[in-house]
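Shown next, in structure tokens, is the structure this report addresses.
The values are calculated or read from the model by the stated rules, or taken from the named source; none is laboratory data. Bear in mind that the values here come from a model prediction, so they are computed numbers and not experimental data. FYI the Cβ positions are ideal-geometry reconstructions off the backbone, even for glycines, and counts take in every protein chain you see. Surface accessibility is based on the protein's heavy atoms, side chains included, excluding ligands, DNA and RNA. Shrake-Rupley method; radii C 1.70, N 1.55, O 1.52, S 1.80 Å.
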Amino acid sequence: MLSKERLYIIMNLVNERSFITVKELTEALGVSRSSVMRDLAELEQQGLIQREHGGAIAKNTLSGLNEVPVKHKETLHVEEKQRICAQAATQIKDGDCIYIDSGTTPVYLLEHIVHKRITIVSASTYLIRKLPETFRGDIYLLGGEFHSGNDMSSGPLTLEMIRQFNFDHAFFSTNGVNPQNGEVTIFAFAIGAVKKAIMERSLRNDLLIDSSKFEIKALSTWAQMKDFHTIYTDAFPKSMKKAKNICICE
């Protein structure tokens, strides 16, 4: 199979599935892992895809049509997420009522707070399933319209429940952050509305993002970088001026 033909097939598969693993590509193309890695590198250089740990995603504006399901992100940037959440968790103290957002990054907070007497509120069943049985605090799961791929609730019922809470601290994830204009983006308007509502009910709002999010743009802007007390990340673009609320977790 010619290289150009492989590139065409890879692009079709990435656009069709949003996320595809290197293993799946080697099986589909009948070539070696090294050949697939070279093809992915070339496509990324052309700005057509974005390589992720173990695979690739389509490089365009994220929306509900091409957002990767939560379960497919579990193995991406694990070490970075662990460092980010280890530092962010130092802000949580006994007695706090905290909101923990959906996505795979905030889940890494749990190992650091499992023995604290706190109240956790979340719209994510993924996060609740990851909570150890030894957790001694209270748990509230926000209801509403549920989509399994997003693994969180949204809509009018969710917003109504949020208005009943007063949060000491909220920890957010997101799809993309633009350091140039400060926009924080998410793939769906309804999910962005949930995040906005939480921010209005919380005394302190923090953003947990690995540095790959600085390269992604999504459909809906739901916040500005300046809206967060702290933005925890593993690295920041060297070409950009780092704001005071950026915390690099090394």
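Scan A56, A28, A41, A88 and give me the residue that is open to solvent by 40 Å² or more (accessible area, probe 1.4 Å) and at pLDDT 80 or above.
On the way: A56 fails: open to solvent by 40 Å² or more (accessible area, probe 1.4 Å); A41 fails: open to solvent by 40 Å² or more (accessible area, probe 1.4 Å); A88 fails: open to solvent by 40 Å² or more (accessible area, probe 1.4 Å).
After ruling out the rest, the residue left standing is A28.
Quick one: how many residues across segment 76-85 are open to solvent by 20 Å² or more (accessible area, probe 1.4 Å) and in contact with a Phe, Trp or Tyr (Cβ under 6 Å, 6 or more places away or on another chain)? Steps first, answer last, please.
Here is the first cut: in segment 76-85, the residues open to solvent by 20 Å² or more (accessible area, probe 1.4 Å) are 77-80, 82-83.
Cutting the leftovers down to in contact with a Phe, Trp or Tyr (Cβ under 6 Å, 6 or more places away or on another chain) gives us 82.
Count: 1.
Report yes if some residue within segment 159-181 is closer than 16 Å to I100 by Cβ, open to solvent by 10 Å² or more (accessible area, probe 1.4 Å), touching a residue at least 12 places away in the same chain (Cβ under 8 Å) and in a strand (DSSP E or B); otherwise report no. No: zero hits. Among the conditions (1) surrounded by fewer than 20 Cβ atoms within 10 Å (Cβ to Cβ); (2) within 15 Å of the chain's Cα centre (by Cα); (3) of a type in the set (V, I, T), T230 misses just one, which is (2).
Residues satisfying the criterion are present in segment 146-158 (criterion: out of contact with any Phe, Trp or Tyr (no Cβ under 6 Å at 6 or more places or on another chain), without any contact (Cβ under 8 Å) to a residue 40 or more places away in the chain and of a type in the set (V, I, T)). Could you look through segment 187-218, keep only residues that are within 12 Å of the chain's Cα centre (by Cα) and open to solvent by less than 10 Å² (accessible area, probe 1.4 Å), and pick out the one that is modelled with the lowest pLDDT? Among those that are within 12 Å of the chain's Cα centre (by Cα) and open to solvent by less than 10 Å² (accessible area, probe 1.4 Å), it is A218.
For the subset of segment 91-110 comprising residues that are in a helix (DSSP H, G or I) and free of Cβ contacts under 8 Å to residues at least 40 places away in the same chain, which member is surrounded by the fewest Cβ atoms within 10 Å (Cβ to Cβ)? Quick ask: steps written out before the conclusion?
Within segment 91-110, the subset in a helix (DSSP H, G or I) is 91, 106-110.
Going one step further and asking which of them are free of Cβ contacts under 8 Å to residues at least 40 places away in the same chain, we end up with 107-108, 110.
On the way: V107: 23, Y108: 20, L110: 18.
Of everything passing the filter in segment 91-110, L110 is surrounded by the fewest Cβ atoms within 10 Å (Cβ to Cβ).
For segment 111-121, a residue qualifies if it is open to solvent by less than 20 Å² (accessible area, probe 1.4 Å) and touching a residue at least 24 places away in the same chain (Cβ under 8 Å), and the qualifying residues are I113, I118, V121.
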